[in-house]
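Okay, structure first, notes after.
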Amino acid sequence: MKNNLSQAIEAYKKQADMTNTLECRWISMFLQLVDFKNINGHADVPARYPLNKSLGYWIRRQRLVYTQGTMDLKREELLRIVGFNFRLLDVLDWDNMYSKLLNFKEQHGHAHITETNCDTQLYNWLKYQRVLYWQGKLDYSKIEKLKNTGVDMRHQTLNHWENMYERLVQFKEKHGHLNVTPFFGAEKELINFVKVIRRTQETKSQNRKEKLNTLGFVWSPQNTVVTEINKFKGNEQWLKRYQELKRYKEQYGTCYICTTSKTHKSLSGWISVQRNKVSKLSKFRISLLREIEFFKDNKVKEYDK
């Protein structure tokens, strides 16, 4: 192959206009691809190759030009000689790669493919499937196929989604809603998890969407308490008092404070105001007070809006 490649490169240089900067650039990048193959034994350069970002970008460009049908035939011939994959291992290649996996299992009796196996392409494909699975982007039917074949889908972070989902369930059990914000004591990791879910909802598997829908997940939080919190950012005094009352409840186990209290006189006065104008409180404030059992502790009839 080495002789054929050398001859093909020389033939290309003779026919191409090597005084052209773009032509020189192309052959230079191609030679870097050849070096990559000599070192790694294959031409599957990652699209985001950290050791050579320029090569990774060039690889993406070649695939795009090929897909658009505008690649020069002489360039295509050189790329084919080094075994370049013109298509990414996406859904179009899935069935072909899965067939290779089945063949591997039939030959070896297992589907535990490691980096030391001779088929680097199959190893990288499986690695990518695990990433998609962890991100919730792998179709449920494909997950079942891989698991039934004996592929170990576990990873040190592979169960991250399921773990975070359980934390989301616990949050709802505690607060009675899924308004995951710092205001309700949500940790940053859970807040980011919810943001990612909303941002990537179009790519979520049907199985995960159903789990979230069953839980009552709000995909568009425009009309939830989240928006209400933002609305009340200009009214921080009420929220500050509420937080003070919440801490009092945690310490003493009640939201009731005697009006003659000297140690909590200011907070006691605020509580009296809330009791007296309960019918005028917004739905948002009522929901917050209900969460800490304010009405129960003060023996005030709840006002449903």
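Quick look at the values:
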read-out	value
Length-normalised contact order for the chain - Cα pairs under 8 Å, 6+ apart - percent	9
Cβ-based net charge around Val169, under 11 Å, with every Lys or Arg adding one and every Asp or Glu removing one	+1
Under the Karplus curve 6.51 cos²θ - 1.76 cosθ + 1.60, θ = phi - 60°, whole-Hz ³J(HN,Hα) for segment 95-106, x wherever Gly or Pro sits	5, 5, 5, 5, 5, 5, 5, 5, 5, 4, 5, 5
Karplus (6.51, -1.76, 1.60) ³J(HN,Hα), θ = phi - 60°, over segment 261-271, in Hz, Gly and Pro reported as x	4, 8, 6, 10, 4, 5, 5, 4, x, 5, 4
Solvent exposure ordering (accessible area, 1.4 Å, most first) of Glu210, Glu291, Glu106	Glu106, Glu210, Glu291
Given charges at Cβ of Lys, Arg, Asp, Glu: the chain dipole, positive-most of Phe30, Ala186, His42	Ala186
For Thr181, residues with placed amide H under 5 Å, excluding near neighbours	Ala186
Mean accessible surface per residue for the chain, computed with a 1.4 Å probe while every protein chain stays in place, in Å²	62
For segment 146-153, Karplus couplings with θ = phi - 60° (6.51, -1.76, 1.60), whole Hz, Gly/Pro x	5, 5, 5, 7, x, 6, 7, 7
Size of electric dipole in the chain: Cβ of Lys, Arg +1 and of Asp, Glu -1, about Cα centre, debye, nearest 20	1740
Cα centroid separation, segment 136-150 to segment 1-76 (Å)	35
Percent accessible area from carbon and sulfur atoms, the chain, protein chains only, probe 1.4 Å	49
Calculated log₁₀ intensity ratio I(q)/I(0) where the Debye formula runs over C-alpha points of the chain, q = 0.10, 0.13 Å⁻¹	-0.77, -1.00
Solvent-accessible area of Asp17 with every protein chain in place, 1.4 Å probe, in Å² to the nearest 10	80
Stretch gain in nm, segment Glu189-Leu51, where the contour uses 0.36 nm per residue and the Cα spacing is subtracted	46.7 nm
Fluctuation leader among Gln107, Gln32, Gln15 - the chain, Gaussian network, Cα springs under 10 angstrom	Gln15
Nearest-ten-degree value, helix 188-199 long axis tilted from longest Cα axis of the chain	60
Positive dipole terminus of the chain, leading residue within Ser272, Ser205, Gln243 (C-beta point charges)	Ser272
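The values are calculated or read from the model by the stated rules, or taken from the named source; none is laboratory data. Treat the numbers as computed from the prediction; the structure is a model and nothing was measured. In this analysis, Cβ positions are derived from the backbone assuming ideal geometry, glycine residues included, and neighbour counts consider all displayed protein chains. Ligands, DNA and RNA are stripped out before the accessible areas are found, and what is left, the full protein with its side chains, is counted by its heavy atoms. Shrake-Rupley method; radii C 1.70, N 1.55, O 1.52, S 1.80 Å.
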